[in-house]
1. Given the condition closer than 26 Å to His20 by Cα, small (Gly, Ala, Ser) and away from the ligand (no atom under 16 Å from the Cβ), answer yes or no: does some residue in the range 54-66 qualify?
2. Could you look through the range 25-51, keep only residues that are over 20 Å from Leu70 (Cβ atoms) and not acidic (Asp, Glu), and pick out the one that is least open to solvent (accessible area, probe 1.4 Å)?
3. Residue check, Leu4 against (1) surrounded by fewer than 20 Cβ atoms within 10 Å (Cβ to Cβ); (2) at pLDDT 95 or above; (3) aliphatic (A, V, I, L, M), all met but one. Which one?
4. Specify the residue that is farthest from the ligand (Cβ to nearest atom); the eligible residues are those in the range 12-24 that are open to solvent by less than 30 Å² (accessible area, probe 1.4 Å) and over 11 Å from the mean Cα position of the chain (by Cα).
5. What about Glu46, is it acidic (Asp, Glu), touching a residue at least 12 places away in the same chain (Cβ under 8 Å), within 14 Å of the ligand (Cβ to nearest atom) and not in a loop (DSSP other than H, G, I, E, B)?
6. Residue check: is Thr33 away from the ligand (no atom under 11 Å from the Cβ) and closer than 25 Å to Lys107 by Cα?
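The values are calculated or read from the model by the stated rules, or taken from the named source; none is laboratory data. Small disclaimer: the values here were computed from a predicted structure and weren't measured. Positions of Cβ are backbone-derived with ideal geometry, glycine not excepted, and every protein chain shown enters the neighbour counts. When the accessible area is computed, the model is the full protein with side chains, heavy atoms only, and any ligands, DNA or RNA have been set aside. Shrake-Rupley method; radii C 1.70, N 1.55, O 1.52, S 1.80 Å.
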Amino acid sequence: MSYLVRFYQGQPHRVAHRVHRVNGVEGALCSQTPRPATGDTTRSGEWELVETLPPGVRLCRVCQKIQHKLDNPLPLRVENELERLAFWDPRAAALQRQKMLAYYRDKQLRQRRPSRNQRR
Ligand SMILES: [Zn+2]
């Protein structure tokens, strides 16, 4: 995944965003519009996609939260269950975690892109 960074006179702004694509527009993960989008130009600079965060640049808090949820979509309740299971049977818990991750990732995708499902 790439980062959306605003550059002004070659200098990156201190806060960057993760990106996602909504209706063909690639832009900030924290915005459904999404805004800012890649290539947006304002008086304070131009938004560009980079593969790594420039030094001194941090990720916007909302993007951070969303990213965390994408990385680990398991609800706390499921995490707790897995923990209990791991106490008795770590291998079964690991398998169960994979299953749950697949389930919740799939569920998340369906929630995030309702239009794609409607077309079927
Ligand atoms: Zn953001």
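1. Yes, some residue in the range 54-66 is closer than 26 Å to His20 by Cα, small (Gly, Ala, Ser) and away from the ligand (no atom under 16 Å from the Cβ).
2. Gly45
3. Here Leu4 clears every test but (1).
4. Restricting attention to the range 12-24, the residues satisfying the condition of being open to solvent by less than 30 Å² (accessible area, probe 1.4 Å) are 16-17, 19-20, 22.
Retained after the next criterion (residues that are over 11 Å from the mean Cα position of the chain (by Cα)): 16, 22.
Working: Ala16: 8, Val22: 13 Å.
Per the stated criteria, the residue is Val22.
5. Working: acidic (Asp, Glu): yes; touching a residue at least 12 places away in the same chain (Cβ under 8 Å): yes; within 14 Å of the ligand (Cβ to nearest atom): no; not in a loop (DSSP other than H, G, I, E, B): yes.
It is false that Glu46 is acidic (Asp, Glu), touching a residue at least 12 places away in the same chain (Cβ under 8 Å), within 14 Å of the ligand (Cβ to nearest atom) and not in a loop (DSSP other than H, G, I, E, B).
6. yes
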